[in-house]
Amino acid sequence: MYSRFFTKVLRDLGLLKVDEPFINLLTQGMVIKDGAKMSKSKGNVVDPDALIQKYGADTVRLFCLFASPPDRDLEWSDQGVEGSFRFLQRFWNLVLDCREQIQGASFSERDIPVSDPGRGLYVKLNQTIKKVTEDVDDRFHFNTAISAVMELVNSLYLFQADQTGDPTKNSLMARAVETGLILLSPIVPHVCEELWQLLSKTGSIHDQPWPEWDPNALTEEEQVVVIQVNGKVRSRITVGTSVTEEEIKNLAWELPRIQEWLQGKEWVKTIVIQRKLVNIVVK
């Protein structure tokens, strides 16, 4: 409000030619603790120095960005801080556990796996790059960007434990770990920089180019889902691999053609079979 006020005063005085001080404005939410806005007068302020001493600055940063979108109020939670700390510990341990395995390994186009589980991790990696890039660049949704990296870390643990002998395992793990570090580095810069150096990488992680996703890895994984009403095919939709079963159900229900078949009928249940078929049972 004050920035607009001063801008318009300066404009009226002929000192500025612009009418508005900015094109877009993101207004941050407040920090809430025990149901009230955090403030010294209410005595519900959390001492950041104590948290930093116990968990480190990156843990506090991670929690604040993960707990809520920036335009919403943030409900403070000590358990949430501990959860963020456990995730960073888990990621740290993963990188150290596979350090010898991935050091010196480099990923190239010929290393793109064609079968599971390597293919699944490659797709997940590119989905994560796309998700984080769009959430940070377009929407400032740091919380969902962090969630996407957490899912990638889970996939990395599963891939590391797999014993099928994928010939691209080391190079793909190297690419996924390095990409995860770069994606997370704006949020937890100290942890990511330390891990980057432990991997014997040249230069700072903050000087690395931002990862780009492979569009082929995303389009190839789209699949057609058949929509049935009482066992009879009524429509079809195409979804990506990141879409959950609950989202598939909602997409099926929202189709105008399906809505026509459901009018005047009572819903009984919705069955999703292997993310390939949705059967809406009505009577």
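Each of 1, 150 was scored by other Cβ atoms within 10 Å of its Cβ. Arranged with the fewest first, they read 1, 150. Taking residue 265 as the anchor, which aspartates and glutamates have their alpha carbon closer than 20 Å to its alpha carbon, excluding any fewer than eight residues away along the same chain? Partners found: 254. Of the complete DSSP H runs in the chain, those spanning 18 angstrom or more by Cα along the long axis with a mean Kyte-Doolittle score not below -1.0 are 78-97, 118-134, 142-161, 169-184. Remark on the stretch 222-282: hydrodynamic radius 11.4 angstrom, per the Kirkwood mean of 1/r across alpha carbon pairs.
Please report the spacing between the Cα centers of the stretch 119-159 and the stretch 218-283 in Å, no decimals. What the calculation gives is 26 Å, centre to centre. When the pairs 130/249; 130/201; 232/276; 124/169 are compared against a 18 Å limit on Cα-Cα distance, 130/249; 130/201 fall above it. Between residue 97 and residue 3, the simple spin-label model (points 7 angstrom out along Cα→Cβ) gives 4.5 nm.
Within the chain, the longest run free of exposed loop sites, counting GluC sites (Glu not before Pro) that sit outside DSSP helix and strand states (H, G, I, E, B) and have at most 14 other Cβ atoms within 10 Å, spans 1-211.
The aspartates and glutamates within cross-link reach of residue 283, meaning a Cα-to-Cα straight distance under 17 Å and a gap of 8 or more places when in the same chain, are 260, 266.
Each helix, a run of at least 4 DSSP H residues, gives -39500 (n - 2.57); summed and divided by the residues of the chain, these come to -15000 deg cm²/dmol at 222 nm. Net charge dipole, the chain: roughly 900 debye, given to the nearest 20, about the Cα centre with Cβ charges of +1 for Lys and Arg and -1 for Asp and Glu.
Can you give the extra length, in nm with one decimal, that the chain gains between residue 45 and residue 273 once fully stretched, where that is 0.36 nm per residue apart less the Cα-Cα distance?
On the way: separation 228, 0.36 × 228 = 82.08 nm, distance 4.94 nm.
Working it through step by step, the gained length comes to 77.1 nm.
Here the stretch 100-248 yields Rg over Rh of 1.03, to two decimals, using C-alpha coordinates and the Kirkwood radius. Considered as an equivalent ellipsoid built on the Cα gyration tensor, the chain has semi-axes of 37, 32, 21 Å, the largest given first. Along the Cα→Cβ direction, 7 angstrom out, place labels at residue 246 and residue 89. What is the inter-label distance in nm? According to this spin-label approximation, the distance is 2.8 nm. Considering only 230, 280, 244, and ranking their Cα positions along the charge dipole of the stretch 222-282 that arises from unit charges at the beta-carbon of Lys, Arg, Asp and Glu, the one farthest toward the positive end is 230.
Using a Förster radius of 35 Å, what is the FRET efficiency between residue 52 and residue 212 based on their Cβ-Cβ separation? Nearest 0.05, please. Before the final figure, lay out the partial values.
Working: r = 34 Å, r/R0 = 0.98.
Efficiency for this residue pair is about 0.55.
A simple spin-label model places pseudo-atoms 7 Å from Cα toward Cβ; at residue 112 and residue 281 they are separated by 4.2 nm. Which lysines, on any chain, are close to residue 40 with Cα under 24 Å apart, when same-chain ones fewer than 8 places away are left out? Within the straight-line cut-off, residue 40 pairs with 54.
No value in this document is a laboratory result; all are computed from the given coordinates. Here the structure is a predicted model, which is why all the values come from computation and not from measurement. As a convention, Cβ positions derive from the backbone with ideal geometry for all residues, glycine included, and neighbour counts pool all protein chains shown.
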